[in-house]
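The values are calculated or read from the model by the stated rules, or taken from the named source; none is laboratory data. Keep in mind it's a predicted model, so treat the numbers as computed, not measured. Neighbour counts are summed over all protein chains in view; Cβ atoms, including those assigned to glycine, are modelled from backbone coordinates with ideal geometry. Only protein heavy atoms, including side chains, enter the accessible area calculation; ligands, DNA and RNA are left aside. Shrake-Rupley method; radii C 1.70, N 1.55, O 1.52, S 1.80 Å.
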Amino acid sequence: MEAAAAQLDVSPTTSHGSLLEYMGRNAVAILTLCVVVACGDQSPPNSLRAELARVRQAGAGATVDLARAVQGEWDTVVVLNPYSSTAESDAVIGYSWRSNKQSVIMASDSHNLLVFMKKGRVRYAELLERNQGDFCCFERNGRYPREAAVFSAVLEGNWLRLRNVRAPAG
């Protein structure tokens with residue numbers, strides 16, 4: 001037992017300098033990683049809900065242009081509909097992406113998930129209650145370039161459905 005204890009180096013210095021300096025360098029790296037991971041799934045910097053409320057007030061035929069309504073750096077929006085599986089999400093997004101927001105749409109019909117992407121990578125995602133604006137009824141799990149992310153209001157009673165009005169650039 002004494003031989004094993006003798007081999008254990010518990011000195012306050014390492015080959016990198018003091019233990020405190022070593023821990024400090026690692027703490028900064030870990031903190032940076034945590035910030036990057038936390039920022040990867042944030043909501044857009046403005047309120048899509050406010051724009052949808054405006055469209056509801058304006059009535060049938062009013063349009064919401066996501067390029068104007070959702071500021072920030074994105075070039076594509078993916079609309080994931082209720083009950084979308086991870087395989088369906090991966091197919092339309094283009095790679096395996098996981099978010100706690102996906103579990104909501106996988107198990108319920110009350111939400112759509114709008115995933116905003118830049119250069120093929122997810123920037124942020126917005127979980128949207130369908131009673132605020134429903135993207136699900138005209139196309140399943142659509143993918144729209146920023147310039148084609150324009151939707152027209154179709155009112156069915158008090159329900160606001162949104163239909164894409166611009167064909168994707170091809």
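Those helices (runs of 4 or more DSSP H) of the range 19-100 in which 3 or more residues are surrounded by fewer than 12 Cβ atoms within 10 Å (Cβ to Cβ) and modelled with pLDDT under 90 occupy 19-39. Scanning the range 71-90 for residues being farther than 25 Å from Glu156 by Cα and touching a residue at least 24 places away in the same chain (Cβ under 8 Å) gives a total of 8. Scanning the range 111-170 for residues that are among the hydroxyl-bearing types (Ser, Thr, Tyr) and either closer than 19 Å to Ala50 by Cα or assigned to a loop (DSSP other than H, G, I, E, B) (or both) gives Tyr124, Ser152. Of all residues in the range 101-110, exactly one satisfies the criterion of being surrounded by fewer than 16 Cβ atoms within 10 Å (Cβ to Cβ), polar (S, T, N, Q) and in a helix (DSSP H, G or I), namely Ser103. Looking across the range 113-170, the residues that are among the polar types (S, T, N, Q) and open to solvent by 80 Å² or more (accessible area, probe 1.4 Å) come down to Asn131, Asn158.
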